[in-house]
Amino acid sequence: MNATPAMQNVHRQTRQTIVRLLSGMGSTKEISQYLKRFSQLDAARFAVVKVGGAVLRDQLDELVSSLAFLQQVGLTPIVLHGAGPQLDEAMRDAGIEKRVVDNLRYTDAEGLAIVRRVMREENLRLVEALQAEGVRATSIQSGVFECAFLDRERYGLVGKVARVDTDGVGAAIKAGSIPVIASLGETAEGQIVNVNADWAANELIKTLQPYKIVFLTGTGGLLGADGELIDSINLSTEYDELLAQPWLHSGMRVKIEQIHDLLMALPHSSSVSITRPGELAKELFTHKGSGTLVRRGERVLRAERWDQLDLPRLRTLIESAFGRTLAHDYFERTPLLRAYVSEHYRTAVILTEVDGVPYLDKFAVLDDAQGEGLGRAVWQVMREETPRLFWRSRHDNAVNIFYYAESDGCYKQAKWKVFWYGLQAFPDIERAVAHCAVRQPTLLDHSARATSAVQHD
């Protein structure tokens, strides 16, 4: 059977979508790693994507394009949306004054009628936009969130989720269709109630425990004191310090506290990404990602002696990360300056010393930790205590992009690139370069393909 012109047009548009999204992302190797990882998950545990009402209003095309890409590569996210700005406008048009109590929209019977209408309209608008692009999508406007009244006298017809029913969501996923869920709930007696979209998303996430959690916003992430995007937050090492910052305004503070509470209730591997709709694929499929990645993270163990570490686990980490064998006498012959190791031994930074200057001997990051930003978190802990450092890296090392950003300079040798930061005097740099040219390797027996993006000998 020959494809109709309409079918050919859909396929052509799909190819264009994929090409456009891939062009702004990382290497094919990175993308393949993530596809393999995601495809091994239970389909319902891939990702929950929470979409704000402003995104539906202002960035619908980018959202549809990104969701279409995910379906084309065989992944089915669960989408939950709000409609805050649309509700504000509809209430104004109806002559209803917005009433907010404790940052929640007070909802009476008249207001609830508008909430139901607007939620239905926005839900169908997204579903129909997806279907117009050949994406299988299912509208789910009720039956997911069973609620109790939060406080009827204080908030009106506003619900707090008591139970999440995922049967409809699961049925859509089994059919390869993206579930698009409106943040409306019902009481056990059948009363429709308004539900805060962030609360609804959190309860859905706690029930499904997805691998990836994505909040799509117009800002594309959390902003720091200087208005610049915060690329990652490791809650285990940064949470208390972050909350103490004077620039952390109330809205962002509440968001970080909510994310912290959410991640504490999820598996260690779960993370929250805050990004723009057009950057969704980049966030999911590249190590660098986009927006702000918030992870539960791991404590960073600091050691100044080898006997303070679990050396068999450390050896396994290094050999697994590099895909090569560590010299049998490595720990005996390598004088340790400091080691920084994530508590579950998935990332390690090992420093020794050469002529009084710290040398980065190993930076090992397991494949599954790269996407969590764990390597960057451990690196930052090391850097705070290490004002100067030098190291070498192979020319084809994919992490060299990161090294260029972290270093003050680089010198290219025949086999190595020598990086440094904090070295001011030319003789110090000269000695560092000379040492890297003759340093003996401690990783042996090259495998056909190293599994880590971080390669030091």
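Observations
- Only listed residue being loosely packed, with under 14 Cβ neighbours inside 10 Å and acidic (Asp, Glu), chosen from Asp102, Asp88: Asp102
- Residue match in region 256-264 (condition: β-branched (Val, Ile, Thr) and within 10 Å of the chain's Cα centre (by Cα)): no
- Subset of region 311-345 [of a type in the set (A, V, I, L, M) and open to solvent by less than 10 Å² (accessible area, probe 1.4 Å)]: Leu314, Leu317, Ile318, Ala321, Leu326, Ala327, Ala339, Val341
- The condition (being open to solvent by 10 Å² or more (accessible area, probe 1.4 Å), among the polar types (S, T, N, Q) and touching a residue at least 40 places away in the same chain (Cβ under 8 Å)) is satisfied by just one residue among Ser290, Ser270: Ser290.
- Screening Glu189 on (1) over 21 Å from Arg116 (Cα atoms); (2) out of contact with any strand residue (DSSP E or B) (no Cβ under 9 Å at 6 or more places or on another chain) shows it passes everything except condition (1).
- Residues that are β-branched (Val, Ile, Thr) number at least 1 in the following strands (runs of 3 or more DSSP E) confined to region 117-202: 137-140, 159-164, 178-182, 184-187, 192-194.
- Test: residue in region 181-204 that is modelled with pLDDT of 90 or more, open to solvent by less than 20 Å² (accessible area, probe 1.4 Å) and farther than 15 Å from Gly82 by Cβ: yes
- For beta carbons closer than 7 Å, sequence separation of 6+ or different chains, a first residue in region 311-327 that is closer than 13 Å to Ala348 by Cα and a second that is among the small types (Gly, Ala, Ser) and part of a helix (DSSP H, G or I), there are no qualifying pairs.
- Matching residues, region 403-438, being without any contact (Cβ under 8 Å) to a residue 24 or more places away in the chain, buried (at least 16 other Cβ atoms within 10 Å of the Cβ) and under 30 Å from the mean Cα position of the chain (by Cα): Tyr403, Ser407
- Residues that are open to solvent by 80 Å² or more (accessible area, probe 1.4 Å) and either modelled with pLDDT under 95 or in contact with a Gly (Cβ under 6 Å, 6 or more places away or on another chain) (or both), drawn from region 117-140: Arg136
Residues are listed down the side, and each one gets a yes or a no for (1) within 12 Å of Leu216 (Cβ to Cβ); (2) surrounded by 14 or more Cβ atoms within 10 Å (Cβ to Cβ); (3) touching a residue at least 60 places away in the same chain (Cβ under 8 Å):
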| residue | (1), (2), (3) |
| --- | --- |
| Gly53 | yes, yes, yes |
| Leu56 | yes, yes, yes |
| Phe69 | no, yes, yes |
| Gly74 | no, no, no |
| Tyr106 | no, yes, no |
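The values are calculated or read from the model by the stated rules, or taken from the named source; none is laboratory data. The structure presented is a predicted model; accordingly, all values stated were derived computationally and were not measured. Note: ideal-geometry Cβ built from the backbone for every residue, glycine included; neighbour counts use all protein chains shown. Note: accessible area is taken over every heavy atom of the protein model, side chains too, but ligands, DNA and RNA are not part of it. Shrake-Rupley method; radii C 1.70, N 1.55, O 1.52, S 1.80 Å.
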